[in-house]
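What follows is a short report on a single structure.
The values are calculated or read from the model by the stated rules, or taken from the named source; none is laboratory data. Bear in mind that the values here come from a model prediction, so they are computed numbers and not experimental data. Virtual Cβ from ideal backbone geometry, glycine too; neighbours counted across all protein chains shown.
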Amino acid sequence: MRTLLPALLIALAGVASCGQSGAVPARPAGSAAPTASTTSTTAPSAGRPLAGRVVVIDPGHQLGNSRHRARIERRVWIGNGYTACNTTGTSTDSGFPEATFTWRVAKRMRIELRALGARVILTRKANSRGLWGPCVDARGRRGNAVPADLKVSIHGDGSYAAGAHGFHVIYAPDHRPTADSYRGSRRLAESTRAAMGRAGFARANYLAGGDGLDVRSDLGTLNLSNMPTVMVECGNMRNPADARRMSSPSGEQRYAAALVRGVRSFLVGR
Ligand code: ZN
């Protein structure tokens with residue numbers, strides 16, 4: 001089964017998945033009649049096709065997780081079992097951390113999505129060695145109360161398999177925790193994979209199937225999210241070519257632009 005082998009490979013590679021939380025303001029109750037100005041800021045238009053949309057971006061891990069082992073190893077409920085609150089994430093061989101990569105891509109995505117009119121929620125507010133978490137359960141629930149339109153969780157993989165490189169997109173199977181969001185997540189995964197491919201990124205060559213998609217039931221970030229949600233392993237940080245791209249400003253921008261393209265394509269089809 002495709003779902004088991006990649007999970008095993010990823011576990012062997014020491015890769016982690018992530019998680020956040022916090023109060024999310026509710027949408028306006030609509031008690032007041034909209035004015036011309038508020039209408040113009042939320043209605044989709046040619047220049048702002050994502051106006052009125054809410055996108056959650058989850059920059060995987062927190063830079064300080066490794067300094068707070070006891071906290072991030074605490075067990076949390078993920079809808080079908082318990083896992084660690086979070087993990088440290090991986091890094092390139094030269095020590096560039098996954099947490100910093102995901103944070104930078106997330107910020108670049110936020111700029112682009114806001115320019116398209118979307119409201120953006122990040123699951124963590126900073127990238128700091130003094131901080132830890134949030135846990136995967138909180139990351140999974142973030143945006144549920146808004147409700148947000150979709151969630152993209154950004155990661156980098158850490159496989160030591162010889163020559164392993166490329167991206168893959170993970171979504172949760174049709175199981176009880178995600179019965180409400182499974183179809184949307186699968187469609188978002190396909191949209192994201194297509195956008196990454198159009199941007200010139202190669203599909204991961206080290207997963208069974210080789211189609212750039214993976215289905216996993218063991219990730220709280222996916223299980224507890226009530227909206228279409230994907231986790232993107234943008235590349236393998238232990239691969240020299242992927243690592244160079246993932247630790248360069250131009251590479252980070254390419255990833256961000258591709259992921260935004262996937263969001264846009266999913267939400268408005270263009
Ligand atoms: Zn990760």
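Within the option set D149, D174, D157, being of a type outside the set (F, W, Y) and modelled with pLDDT under 95 holds for one residue only, D174. For the range 131-172, the candidate set comprises residues that are closer than 21 Å to A258 by Cβ and away from the ligand (no atom under 14 Å from the Cβ); within that set, the residue that is surrounded by the most Cβ atoms within 10 Å (Cβ to Cβ) is K151.
Return yes when A179 is modelled with pLDDT of 95 or more, more than 16 Å from the ligand (Cβ to nearest atom) and of a type in the set (G, A, S) and no when it is not. Taking the combined requirement at face value, the residue does not satisfy it.
Of all residues in the range 67-83, those satisfying the criterion of being surrounded by fewer than 17 Cβ atoms within 10 Å (Cβ to Cβ) and small (G, A, S) are A70, G81.
Listed by first and then second residue, the pairs linking a residue in the range 221-242 that is at pLDDT below 95 to a residue that is in a loop (DSSP other than H, G, I, E, B) and not β-branched (V, I, T), with Cβ atoms under 6 Å apart and 6 or more places separating them unless they lie on different chains, form an empty list.
On inspection, T92 does not qualify as in contact with a His (Cβ under 8 Å, 6 or more places away or on another chain) and polar (S, T, N, Q). The set of residues in the range 136-171 being aliphatic (A, V, I, L, M) and in contact (Cβ under 8 Å) with a residue 12 or more places away in the chain consists of V136, A138, A145, V146, A148, L150, V152, I154, A161, A164, V169, I170.
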